[in-house]
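Just so you know, all these numbers are worked out from the coordinates, no wet-lab data involved. What you see is a predicted model, and the numbers here were worked out from it, not measured in a lab. Note that we place each Cβ from the backbone using ideal geometry, even for glycine, and neighbour counts take in every protein chain shown.
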Amino acid sequence: MTYSDKTENKKIFKTTYWGNFSLKNRSDEDLRELDEIVKNRNNFINDYNIKNIVNKRPVKLHEYIKELELKNKLDHVEIYLTNDDKYLILNSPYDPDEKKVPDMQKIYCLYNGANSYIKIVSKEDIKRKDKNKNKYMTNFYNEHPELKNNKIECDVCGLYYLYCNKSKHIKTKLHNYALNNGFKFEKHIN
């Protein structure tokens with residue numbers, strides 16, 4: 001038996017990392033803590049109007065999560081779809097410092113030994129963010145057409161960067177343009 005077998009929503013939790021833990025060889029203390037988390041997970045489904053888990057993340061959602069990770073400590077991430085067709089991003093880092101998850105709301109514990117946080121985002125918000133990214137790149141290339149074929153997509157945040165082994169100045173130019181147009185770059189410009 002697994003953790004998900006103890007919930008009222010095995011179908012939803014059985015594909016999560018948490019839900020696949022075995023109940024074998026657990027101490028009495030572990031099982032008591034697990035009972036509380038199972039209760040919380042059962043409540044979670046009702047409290048947040050959960051319809052299903054998202055096992056295959058659409059590309060735009062994946063990019064959104066990568067960007068979220070730039071400012072937030074993410075661990076044991078689970079994605080759910082609500083009955084009103086929004087995404088709920090569940091994050092359960094072991095680090096107790098709430099300042100490391102400024103864009104997420106703390107909720108009851110859903111993962112052994114960790115705090116749990118959520119962020120609810122509509123599909124429209126994710127699409128809108130992607131349109132802004134494309135508009136930003138179009139504006140940049142209109143101003144710098146000679147650089148149009150030198151772009152690469154960042155693996156971390158999904159934004160486009162210039163590939164230019166001749167000059168750091170070109171990258172800095174894109175970086176400054178991005179900052180002036182509301183995009184944030186952290187560690188991804190070398």
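Annotations
- Computed over region 3-122, the ratio Rg/Rh where both radii use C-alpha atoms and Rh is Kirkwood: 0.96
- Loop trypsin sites (Lys or Arg not before Pro), region 1-62, which have at most 16 other Cβ atoms in a 10 Å radius of their Cβ (DSSP): LYS14, LYS24, ARG26, LYS56
- As a calculated quantity, the FRET efficiency between ASN25 and ASP103 at R0 = 35 Å, using C-beta atoms, amounts to about 0.40.
- Amide H contacts under 5 Å for ILE53, placed H, 5+ residues apart: LEU81
- Pairs of Cα atoms nearer than 8 Å and 6+ residues apart set the relative contact order; for region 3-122 it is 21 percent.
- Amide hydrogen neighbours beyond the local backbone of VAL77, cut-off 5 Å, H modeled: SER92
- Cross-link table LYS11/LYS123; LYS60/LYS86; LYS6/LYS100; LYS14/LYS39; LYS14/LYS56, entries beyond 25 Å C-alpha to C-alpha: LYS6/LYS100
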